[in-house]
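Written below as structure tokens is the structure these notes are about.
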Amino acid sequence: MEREAMEFDVVIVGGGPAGLASAIRLKQLAAQKGSEISVCLIEKGAEIGAHILSGALMDPRALNELLPNWQQDGAPLNAPVSEDRFFILSEDGAIKIPNSLLPKCFHNEGNYVISLGNVCRWLGEQAEALGVEIYPGFAGAEVLFNEDGSVKGVATGDMGRLHDGSEGPNFQMGMELLGKYTFFAEGCRGHLGKQLEAKFNLREGVDPQTYGIGLKELWEITPEMHQLGLVIHSGGWPMQPDTYGGGFLYHLENNQIAVGFVVGLGYSNPHLSPFEEFQRFKTHPEIRKFLEVARSNPACWPLKPALMHLPKNASTMN
Amino acid sequence: MLAAEACFDALAKECQHDELTAYPEAFKASWLHEELHLSRNFKPWMAKGLKLGSLMFGIDQMVFGGKAPWTLHNTKPDHAKLKLAADTQPIIYPKPDGVLNFDRLSSVFLSSTNHEEDQPCHLQLKDAAIPISVNLAQYDAPEQRFCPAGVYEILRDENGSNPRLQINAQNCVHCKTCDIKDPSQNINWVVPQGGEGPTYPNM
Ligand SMILES: Cc1cc2nc3c(=O)[nH]c(=O)nc-3n(C[C@H](O)[C@H](O)[C@H](O)COP(=O)(O)OP(=O)(O)OC[C@H]3O[C@@H](n4cnc5c(N)ncnc54)[C@H](O)[C@@H]3O)c2cc1C
Ligand code: SF4
């Protein structure tokens with residue numbers, strides 16, 4: 001059986017901030033210059049945002065450039081950062097580092113505490129309004145090449161294959177999405193990105209990429225302990241001094257807080273468990289004081305513990 | 001955005017399928033490049049330990065404003081940095097109390113992740129023997145711990161013999177840690193059927 005093929009000017013794989021921003025920009029440029037370009041974006045999650053997990057603090061600089069009217073258009077940036085605190089933790093103590101000693105990357109004046117999933121949902125709506133064809137629920141499974149070796153597009157995965165690879169009763173063959181240009185915006189360690197890196201030697205001459213895994217939970221706490229826009233970062237305990245990692249606790253709107261922990265995946269002890277380091281981090285007095293008030297109020301509950309990982313740009317600069 | 005601009009210009013010139021060389025050039029000239037460049041040494045310094053790392057990154061930023069005449073390099077990929085189990089200390093973690101801290105499975109449940117079980121496994125082992133012969137023998141099967149969703153389990157017979165790896169692929173939350181950190185680089189994460197995986201409402 002032949003796969004069905006569809007042609008576009010640009011095919012984008014991945015509906016995170018990178019994929020959505022490029023889709024929007026392409027359509028804006030076409031509208032400005034009065035030309036037509038067709039843009040298709042696929043996302044493996046069941047909807048845009050379903051696979052997005054981030055902190056997150058957002059610097060609105062890129063958004064100001066991309067969609068300067070974001071405030072009127074209802075972008076979900078509702079919690080301007082009101083205070084930064086940085087602690088070096090020991091098992092039961094905490095030293096607050098004066099803000100004047102913190103490097104610039106821990107100063108968040110002017111930034112917002114956001115749910116990146118919600119921001120992506122909103123970007124998805126803006127993209128659709130500009131005419132981007134968004135297909136959630138489709139995973140890019142294979143890169144397609146022209147005879148000269150250049151990228152022709154991607155094929156989406158088959159549906160309904162059984163465990164042994166044979167075609168089941170609901171089998172549906174994937175589709176070919178062909179683009180004059182194809183953008184790979186899969187986030188870090190992309191399934192297709194890995195294949196492209198190998199085929200085109202994209203990692204030659206640069207440092208190996210380093211990664212981190214981030215774990216995060218959303219809690220709803222009592223209003224008395226909630227301070228909209230409060231941003232806390234920590235280093236030290238429970239990580240050993242030779243292991244890179246740190247915690248965060250951000251106060252969002254609606255009495256919610258995002259509490260999370262990032263562990264650098266360059267750690268050396270095979271007994272380490274990032275998930276359990278995060279669970280342990282929450283028992284620190286400086287952190288649990290926020291969560292315990294959730295416990296004492298039956299209307300408050302941990303919402304969605306969830307996990308994903310964080311690319312570190314240590315090597316993209318070289 | 002910069003890639004989109006380079007692409008739009010190329011389409012306007014009726015190019016296709018070629019490399020967008022204008023994109024890396026525009027990136028180098030952008031504010032983002034400037035920002036990333038100024039903090040490039042953060043992680044490499046921190047890899048040298050919290051105290052020395054903080055001190056040196058502090059000097060890097062405060063004295064040189066990020067424009068220090070050095071760039072630290074990372075030479076080993078993450079998976080190659082794991083030491084042997086025998087050469088390291090076991091870590092004892094507190095038991096979850098179900099109030100403040102939780103176990104993996106209740107967290108996976110809240111991520112609402114789901115995969116059709118009857119499909120080709122999307123966590124492919126290049127060599128089916130390695131999880132036991134190398135990973136268990138030398139590293140005490142670290143995939144049981146670095147996977148946050150409890151996908152990898154070592155099962156044994158009642159008398160503790162015959163260890164084997166079970167892969168609960170339906171619990172996967174698509175974090176790709178196994179692909180990155182497996183010391184044998186024996187796990188290949190591939191996309192499962194579209195529409196599966198976690199369903200985060202607002203993360
Ligand atoms: C815990 C944590 C905290 C963070 N905190 C911050 C912060 O405070 N501030 C900040 O600026 N950044 C933060 N980050 C980093 C930020 O989240 C990422 O840099 C950003 O999400 C990267 O965007 P992206 O579009 O490149 O990729 P992603 O956001 O990863 O999006 C990729 C999308 O593509 C989809 N996809 C992948 N492969 C395929 C495929 N083959 N087919 C179809 N779809 C596919 C994925 O499902 C996903 O939706 C944090 C990250 C984590 C994990
Ligand atoms: S991708 Fe993450 S959740 Fe899935 S199996 Fe690998 S480590 Fe576990």
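The values are calculated or read from the model by the stated rules, or taken from the named source; none is laboratory data. Values in this document were obtained by computation on a predicted structure and should not be read as measured data. Counting neighbours? That spans all protein chains shown, and the Cβs are built from the backbone with ideal geometry, glycine included. Note: accessible area is taken over every heavy atom of the protein model, side chains too, but ligands, DNA and RNA are not part of it. Shrake-Rupley method; radii C 1.70, N 1.55, O 1.52, S 1.80 Å.
Here B:Lys48 sits with roughly 110 square angstrom of accessible surface, probe radius 1.4 Å.
Remark: spin-label model distance B:Ile132-B:Lys95 equals 3.1 nm, labels positioned 7 Å along the Cα→Cβ axis.
A probe of 1.4 angstrom, applied to the heavy atoms of all protein chains, finds B:Arg104 with accessible area near 40 square angstrom. Which listed residue (B:Tyr93, B:Ser106, B:Pro163) has the Cα farthest towards the positive end of the charge dipole for the stretch B:76-203, taking +1 on Lys and Arg C-beta and -1 on Asp and Glu C-beta about the Cα centre? Highest projection toward the positive end goes to B:Tyr93.
Specify the inter-centroid distance of the stretch A:66-123 and the stretch A:220-286, based on alpha-carbon positions, in whole Å. Spelled out, the Cα-based centre of one part sits 15 Å from the other. Each of B:Phe146, A:Ala56, A:Met239 was placed along the dipole of the protein assembly as shown (beta-carbon charges, centred on the mean Cα), and the one lying farthest toward the positive end is A:Met239. Taking label points 7 Å from Cα along the Cα-to-Cβ direction, B:Ala12 and B:Leu125 give a separation of 5.5 nm. Among the GluC sites (Glu not before Pro) found in the stretch B:93-197, those both in a DSSP coil and sparsely packed, with 16 or fewer other Cβ atoms within 10 Å of their Cβ, are B:Glu117, B:Glu158. Taking the Cα centre of the stretch B:76-203 as reference, the dipole from Cβ charges on Lys and Arg (+1) and Asp and Glu (-1) amounts to some 480 debye. For the stretch A:187-270, the list of GluC sites (Glu not before Pro) that fall in a loop by DSSP and count at most 12 other C-beta atoms within 10 angstrom reads A:Glu204. Neighbouring Cβ atoms from other chains, within 10 Å of the Cβ of residues in A:100-108, number 4 on average.
The calculated FRET efficiency for A:Leu228 paired with B:Ser161, based on their beta-carbon distance and R0 = 56 Å, is about 0.45. Partners of B:Lys76 within straight-line reach, counting aspartates and glutamates whose Cα lies under 20 Å from its Cα and excluding those fewer than 8 residues away in the same chain: A:Glu197, A:Glu204, A:Asp207, A:Asp242, B:Asp87, B:Glu143, B:Asp179, B:Asp182. Computed from the alpha carbon positions, the gyration tensor of the protein assembly as shown leads to an equivalent ellipsoid with semi-axes of 34, 30, 24 Å, biggest first. The GNM of chain B, with springs linking C-alpha atoms under 10 angstrom apart, assigns the highest mean-square fluctuation among B:Ser133, B:Ser30, B:Ser161 to B:Ser30.
Each 10 Å bin from 0 upward holds the following percent of the Cα-Cα pairs of the stretch B:86-203: 12, 39, 36, 12, 1. Farthest towards the positive end of the charge dipole of the stretch A:138-182, among the residues A:Thr182, A:Val143, A:Met159, is the Cα of A:Thr182, using unit charges on the Cβ of Lys, Arg, Asp and Glu.
Each residue of the stretch A:90-97 was assigned a 3J(HN,Hα) from its phi angle through the Karplus expression (A = 6.51, B = -1.76, C = 1.60, θ = phi - 60°), giving 10, 3, 10, x, 8, 10, 8, 7 Hz with x at Gly and Pro. When all protein chains stay in place and ligands, DNA and RNA are ignored, the 1.4 Å accessible-area order of B:Phe57, A:Phe145, A:Phe106, largest first, is A:Phe145, A:Phe106, B:Phe57.
The GNM of chain A, with springs linking C-alpha atoms under 10 angstrom apart, assigns the highest mean-square fluctuation among A:Lys27, A:Lys180, A:Lys282 to A:Lys180. The mean number of Cβ atoms from other chains found within 10 Å of a Cβ in peptide A:206-214 is 6, as a whole number.
Evaluated with a Cβ-only charge set (Lys, Arg +1; Asp, Glu -1), the protein assembly as shown carries a dipole of roughly 1680 debye about its Cα centre, given to the nearest 20.
Rounded to the nearest 20, the Cβ-based charge dipole of the stretch A:154-267 about its Cα centre (Lys and Arg +1, Asp and Glu -1) stands at 300 debye. Taking amide H as placed 1.01 Å from N in the peptide plane, the amide H of A:Ile134 sits under 5 Å from that of A:Leu41, each at least 5 places away or on another chain. A quarter of the convex hull surface defined by the alpha-carbon atoms of the stretch A:153-257 gives 13.3 nm² as the mean projection.
These residues, B:His73, B:His17, go from largest to smallest accessible area, 1.4 Å probe, as B:His73, B:His17.
Local charge for B:Pro77 was computed over the other residues whose Cβ lies under 10 Å away, with Lys and Arg +1 and Asp and Glu -1, and equals +2. Dimensions of chain B along the principal axes, based on C-alpha atoms and rounded to the nearest Å, stand at 65, 49, 38, largest first.
Residue separation of A:Leu101 and A:Arg3 scaled by 0.36 nm, minus their Cα-Cα distance, works out to 29.4 nm of gained length.
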